[in-house]
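For reference, the structure discussed in these notes is given below.
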Amino acid sequence: MLTSKATAAGRGEFTRYHCARVSEEGESWLDMTLYPQFEPIDWAALRGRTAYGGLDLSKSNDMSALALEIPLDDGTVAIRSQYWYPAGEIRQRELDYRLPFRKWAEDGWLQLTPDREVDYEAIRATVKQLKNEFSIREIAYDPWGSKYLVEQLELDGVPMAKMAMGVRMSPGCILWQNLWLGRKLRI
């Protein structure tokens, strides 16, 4: 029988409500102790492989993200991600969110775009580059605020698939959780 301490969400709840410990940890459905170990991925060797993507757009106060998933022959999945964030007022944002956006940008983990809005042309350029590297079957996207960029990407020959955030995402979330728990992700 599973106890509330057997899952990440259960441990957080147990710690907060039964042990009376203050925690900034949210109720996570992913056990972070299983975070994929860093393994170098030879992206050049994966050129031309089938890939699937997910695109989550923001505009000014949030991060935009693109994740490209490449299924590998051994049953694992290689994930290549790119993130964008507006550089306007970046110092204040670092204070507000207590996150090192500029350090992430310096280390190559985040692309800061000029001004106060994410530059969708920077995202488009990245997607076009990835389309030249991989056989992208589709990129799922949340329709919120995406009309112009999606139209441009479709004109570029990128297959796009609308996927509204919400309950419909459940099968994808279950698949992700199974890959996570089975340690089949290479990030």
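Points worth noting:
- Against the rule of thumb 2.2 N^0.38 Å, how large the Cα Rg of segment 65-117 comes out: 1.46
- Within straight-line cross-link reach of residue 162, aspartates and glutamates at Cα separation under 18 Å, skipping those fewer than 8 residues along the same chain: 56, 69, 138, 142, 151, 154
- Accessible area per residue was computed with a 1.4 Å probe on protein heavy atoms; residue 135 scores about 50 Å².
- Per-pair calculated FRET efficiency, R0 = 22 Å: residue 35 and residue 72 via Cβ, rounded to 0.05: 0.75
- Averaged over its residues, segment 70-168 has an accessible area of 60 Å² per residue, based on protein heavy atoms and a 1.4 Å probe.
- Two-decimal log10 I(q)/I(0) for segment 47-146, as the Debye equation yields it once each C-alpha is a single scatterer, q = 0.13, 0.14, 0.20, 0.25 Å⁻¹: -0.50, -0.57, -1.00, -1.30
- Spin-label pair residue 132/residue 116, simplified geometry with 7 Å Cα→Cβ offset, distance in nm: 3.5 nm
The values are calculated or read from the model by the stated rules, or taken from the named source; none is laboratory data. Predicted model, so just to flag it, every value in this text is computed and none were measured. Cβ: placed from backbone, ideal geometry, glycine included. Neighbour counts: every protein chain shown. The accessibility values were calculated without ligands, DNA or RNA, using every heavy atom of the protein model including side chains. Shrake-Rupley method; radii C 1.70, N 1.55, O 1.52, S 1.80 Å.
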